[in-house]
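One structure is given below, encoded as structure tokens.
The values are calculated or read from the model by the stated rules, or taken from the named source; none is laboratory data. Keep in mind it's a predicted model, so treat the numbers as computed, not measured. Reconstructed Cβ throughout: ideal geometry from the backbone, glycine too, with neighbour counts over all protein chains shown. Accessible surface areas use protein heavy atoms only, side chains included; no ligands, DNA or RNA. Shrake-Rupley method; radii C 1.70, N 1.55, O 1.52, S 1.80 Å.
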Amino acid sequence: MSNKNKKYTITSALPYANGALHLGHFAGAYLPGDVYARFLRLMGADVAYVCGSDEHGASITIRAKKEGISPKDIIDKYHELNKSSFMKFGMSFDIYHRTSEKLHYETAQEFFLTLDKKGEEFDIIESEQYYDEEFDQFLADRYIKGTCPKCSYEEAYGDQCENCGSDLSPMELINPLSTLSEKEPILRKTKHWYFKLDKHAEWLKEWIENGIVDGVKTHNPKDWKTHVRNQCLAWVDDLKPRAITRDLNWGIPVPLDNAEGKVFYVWFDAPIGYISATKQWAADNGKDWEEYWKGENSKLIHFVGKDNIVFHCVIFPAMMKAHGGYNLPINVPANQFLNFEGKKFSKSRSWGIELHQYLEDFKDFPNKEDAMRYALIRNMPENKDADFKWDEFVEFHDNELVNNLGNFINRVLVLSNKYYEGNVPAHSGNWTTEVKELSVLVEEMKSDLLDFKFRPAIIKFMEISSFGNTYLQDKSPWSIYKTDPESQEVKDILFVCIQMVSLLAVLIEPFLPFTSDKINTLLSKEKVKAGDFELLQSKLKDGEAFIKAGHKLDKPSLLFSKIGDPKDTSRLELVNMQKAHLAAVLEAERPKQEAIKETISYDDFIKMDIRTGTILEAEKVPKTDKLIKLIVDIGLEKRTVVSGIAEHYKAEEIVGQEVLLLANLAPRKLKGIESQGMILMAENESGVLCFASSSKKFGNGWVVR
């Protein structure tokens, strides 16, 4: 790949300035973007890597109302917190901007006006929308929840069901509730501007399927991840006009006389933040921003999590195409979700760890930033959901960073200082003839990185380090040195090993930048700089040394210290504290066992007539949350039973279920229905309600004794 005159505009999803970022966010959209941007720079490419805080929207307004502070107080706090965390983790953004900046307001309004002047991209529609009377506010789609009409999931949001992935509107939800007041919202009339997204469906489908727009090939669709293409194609077949305005007092005002009180919906304003950030960076650095967004030799790539795929592959491309002049992304290598110890990250449950929290809790952990970067890349959710585990964090660190990489570099430097006082010995011939395989491994790693396969790439890096370890062990220069301290063979071996250490310092930079700097310090070399990978490949091909003979190395020191070191348990204690916290969360959530009720006599017990039965029919009792009406066949007859299990089971799921029925319980009316018995249920240790049934299948009506 030649990078002459090529420009790359790389974005990572603008994090919402309403809370702190956790490891799942970092692994999804930010760390992969950083690895890619760093590698492109090593390849000599001209890169603009932009990001920043997304600072508008209803949720910030609502949180500010709840806390009695201003929206600016919220965004200032989390912008600084997240920016600081990113910088400490070595993120190489060229700019970390804000959507509350004046330049962004101007850019978003100009973008809108260009679309509006075309006269064919918007409809102004008056409609009824949900309104929370208690909070005196129209509700954004995400602040309405209810039952999904497509899969019956009861916690679906007004814009999307997270269970089945369906695109929804609030009006489609069954039994909608405001997430603010937990009350049923009312409908009020309002007018909004709608982007005619559906009119772009035909060309979007052609672009996603074949990479062609207006007859021009823009990218190879086979380069896109399968789950990205599939999700986009599912959406394109069912596009609808989408409101771009909201009734809020926090946001970018719509710059029209007939739009008083309207601001841009955050989904419209936020992606334009990539453009305004690039404008600011270009102005600060004497560059032309349009070359990076509109230039013929410029390529646009978005890094996002899978929950943001549609916005970056369908909606934002449609906006840019409608505006005109903008390049469409050549790829959106979205990652899947990273879970935490088998469960989803949850701030409310204190399940997971946020970036700033990790940095604080592990402040005394050496090389903590790269230790976590490595663990997350090593287990990156590139094509399927992955799971962060503290035990794997320790395993990756001790077995791969310490025993493999750190061990090789330390042995090479110790031997070089011991035998040659840290001076690089001279080689007697062409050193690359001894390590021909290196060129192949480096090329494979390069191919993985350019294909957004960061997990395979870092594994390939460790194979290169393993190659060095094996080479050093097989050659065993210490054995030769014992009998011949002046041996040229020992000098040749250590010369080759020092070149491999220098190679590793460059190759590791996109993944672990702090470690790369430390290795170069040990080598008495400058930090890795732009273009070094191309230079490295050229030297490797020509047999030219990365470090010349006679170069003075620094004194050796350990890159990493084992977490599981029995002589120093301080690092392991940090990890164990995290595990203990999670154990405490689980214990607190464990349902408390009720005390055993007062003793009854055997005569009381045998009065109960418990029969086996089968549920023939089931339907939810209207206007209730818990009750299901059942028709149960117990052999002698069919009984109507009302059971409070609707929060645990859907009616259609339990038809045919074998049950135990207390048949001689006095009838009781519930919601006007006479219940003729009781279904026996049991609650397990996790609080899940289960049907009690006989261990052996009997016919209906058998008496359980």
### Query
Taking into account only those residues within region 114-126 that are surrounded by 13 or more Cβ atoms within 10 Å (Cβ to Cβ) and either in contact with a strand residue (DSSP E or B) (Cβ under 8 Å, 6 or more places away or on another chain) or not β-branched (Val, Ile, Thr) (or both), which is farthest from Thr190 (Cα to Cα)?
Leu115
### Query
If you go through region 227-255, how many residues are basic (Lys, Arg) and surrounded by 23 or more Cβ atoms within 10 Å (Cβ to Cβ)?
1
### Query
Which condition number does Ile459 fail, the rest of (1) open to solvent by less than 30 Å² (accessible area, probe 1.4 Å); (2) over 18 Å from Tyr419 (Cα atoms) being met?
(1)
### Query
Name the helices (runs of 4 or more DSSP H) wholly within region 472-552 that hold at least 2 residues that are within 16 Å of Phe39 (Cα to Cα) and of a type in the set (Ser, Thr, Tyr)?
513-522
### Message
Cβ-Cβ under 7 Å, sequence separation 6+ or interchain: first residue in region 470-490 and surrounded by 10 or more Cβ atoms within 10 Å (Cβ to Cβ), partner in a helix (DSSP H, G or I) and among the polar types (S, T, N, Q). Which pairs?
### Response
none
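Restricted to region 682-705, and to residues that are of a type in the set (A, V, I, L, M) and under 39 Å from the mean Cα position of the chain (by Cα), which residue is modelled with the lowest pLDDT?
Quick first cut of region 682-705, residues of a type in the set (A, V, I, L, M) only: 682, 688-689, 692, 703-704.
Still in the running and under 39 Å from the mean Cα position of the chain (by Cα): 682, 688-689.
Details: Ala682: 83, Val688: 72, Leu689: 81.
Within region 682-705, the match that is modelled with the lowest pLDDT is Val688.
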### Query
Counting just the residues of region 263-277 that are open to solvent by 10 Å² or more (accessible area, probe 1.4 Å) and touching a helix residue (DSSP H, G or I) at 6+ places or on another chain (Cβ under 7 Å), which one comes out modelled with the highest pLDDT?
Pro271
### Where a residue in region 167-192 is open to solvent by less than 80 Å² (accessible area, probe 1.4 Å) and modelled with pLDDT under 95 and its partner, wherever it lies, is of a type in the set (Phe, Trp, Tyr) and not in a strand (DSSP E or B), with Cβ under 7 Å and at least six apart
Asp167/Trp235; Ser178/Tyr143; Thr179/Tyr143; Leu180/Phe135; Leu180/Tyr143; Ser181/Phe135
### Query
Which one is farthest from Ile330 (Cα to Cα), of the residues in region 4-46 that are open to solvent by 10 Å² or more (accessible area, probe 1.4 Å) and polar (S, T, N, Q)?
Asn18
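For Ala64, are the conditions met, namely being of a type in the set (Gly, Ala, Ser), on the phi < 0 side of the Ramachandran plot and buried (at least 19 other Cβ atoms within 10 Å of the Cβ)? Lay out the reasoning, then the answer.
Working: of a type in the set (Gly, Ala, Ser): yes; on the phi < 0 side of the Ramachandran plot: yes; buried (at least 19 other Cβ atoms within 10 Å of the Cβ): no.
Criteria not met by Ala64.
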### Task
For Lys117, indicate whether it is in contact with a Leu (Cβ under 9 Å, 6 or more places away or on another chain) and either in a helix (DSSP H, G or I) or without any contact (Cβ under 8 Å) to a residue 40 or more places away in the chain (or both).
no
### Summary
Scanning region 365-400 residue by residue, the ones that are in contact (Cβ under 8 Å) with a residue 40 or more places away in the chain and small (Gly, Ala, Ser) total 2
### Task
Starting from residues that are part of a loop (DSSP other than H, G, I, E, B) and touching a Pro at 6+ places or on another chain (Cβ under 9 Å), keep the ones in region 219-238 and report whichever is nearest to Tyr326 (Cα to Cα).
His219
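Could you tell me whether any residue of region 492-513 is surrounded by fewer than 16 Cβ atoms within 10 Å (Cβ to Cβ) and either basic (Lys, Arg) or touching a Lys or Arg at 6+ places or on another chain (Cβ under 9 Å) (or both)? Lay out the reasoning, then the answer.
From region 492-513, those surrounded by fewer than 16 Cβ atoms within 10 Å (Cβ to Cβ) are none; that's our starting set.
No, every residue in region 492-513 fails to be surrounded by fewer than 16 Cβ atoms within 10 Å (Cβ to Cβ) and either basic (Lys, Arg) or touching a Lys or Arg at 6+ places or on another chain (Cβ under 9 Å) (or both).
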